[in-house]
Amino acid sequence: MPSLPETELLPREFFARPAVQVAPDLLGCVLVHQTTDGLVAVRLTEVEAYAGESDPASHAFRGRTARNAVMYGPPGYAYVYFTYGMHFCVNLVCQGEGDASAVLLRSGLVIDGAALASARRYGTAGGPGADGRAGVRRRTARSTVPREIDLARGPARLCEALAIDRAQNGADACAASSPLRVYAAEKAVPAADISTGPRVGVSRAADVAWRFWISGDPAVSVYRAYAPRRARAKPVTTQGPEDGTMPP
């Protein structure tokens, strides 16, 4: 298992640029979260840029809200949101105050704290799973040993492995005293080794190629285009002249 890079924290000036410029430069950088349980570090392999109110796919497209307020703050802070009623995702705020530009951290490779990350994601024989119950393994259907390469392979998995939730919303990732911080890459990823493509699962601006990933890296997530969720019909149980189903 590789050790943490002997590099410096990314300075705030690094993030004081448009997200589409920051995003590819984040590849190879290391996101660290120190908790009372221990430290987990992830080398970033895939990210997505969002351009604020000018970007139809951004949370800030319709303006400032209580949910997205951190996006409008200083660069270098973490914007964490809850999605699909079950997952957290983490972004790093870019550009200047009021711009609401950010980079979504989509995937990475755990380079330190793999045992703790695995316990959080899958549960272990003696340790707590993500739901807090000891010894819970949630992926029993496949009955296979989880691969370390999959621990942070996707935005929700990344947050689960690093124990990132609403408590980290607004964390200063540029501060040495912050539990959540970002270190520079040991070696910059060459432009020739970076691929670009459309962002995952967005219904608007779906053709904008603002997803960046390290070409051929196995810790990159699987691309999925946006697919509208089909509304499931609910059975009608009341008596009356009408029967069948009703829309949710």
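Derivation of every value follows stated rules applied to the coordinates shown; laboratory data play no part. A quick note: this is a predicted structure, and the numbers were derived from the prediction, not measured. Ideal geometry is used to build each Cβ from the backbone, glycine not excepted, and the neighbour counts take in all protein chains shown.
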Relative contact order in percent for the range 15-135 (Cα pairs under 8 Å, 6+ apart) equals 27
Karplus-derived 3J(HN,Hα), 6.51/-1.76/1.60, for each residue of the range 51-67, Hz, glycine and proline x: 9, x, 5, 8, 10, x, 8, 7, 5, 8, 4, 9, x, 6, 9, 4, 5
Using modelled backbone amide H atoms (1.01 Å from N, in-plane), which distant-in-sequence or interchain residues come within less than 5 Å of G108's amide H? T45, A152, R153, G154
If you average the sequence gap of Cα pairs under 8 Å that are 6 or more apart and divide by the length of the range 140-220, what percent do you get for the contact order? 22
Filter the trypsin sites (Lys or Arg not before Pro) in the range 182-211 to those in DSSP coil with at most 10 other Cβ atoms within 10 Å of their Cβ, and list the result. K187
From the backbone phi of the range 166-176, what are the Karplus-calculated ³J(HN,Hα) couplings (6.51 cos²θ - 1.76 cosθ + 1.60, θ = phi - 60°) in whole Hz, Gly and Pro given as x? 4, 5, 8, 5, x, 5, 8, 6, 9, 9, 4
In whole percents, the bins of 5 Å from zero upward hold the Cα-Cα pairs of the range 1-87 as 2, 11, 18, 23, 21, 14, 7, 3, 0
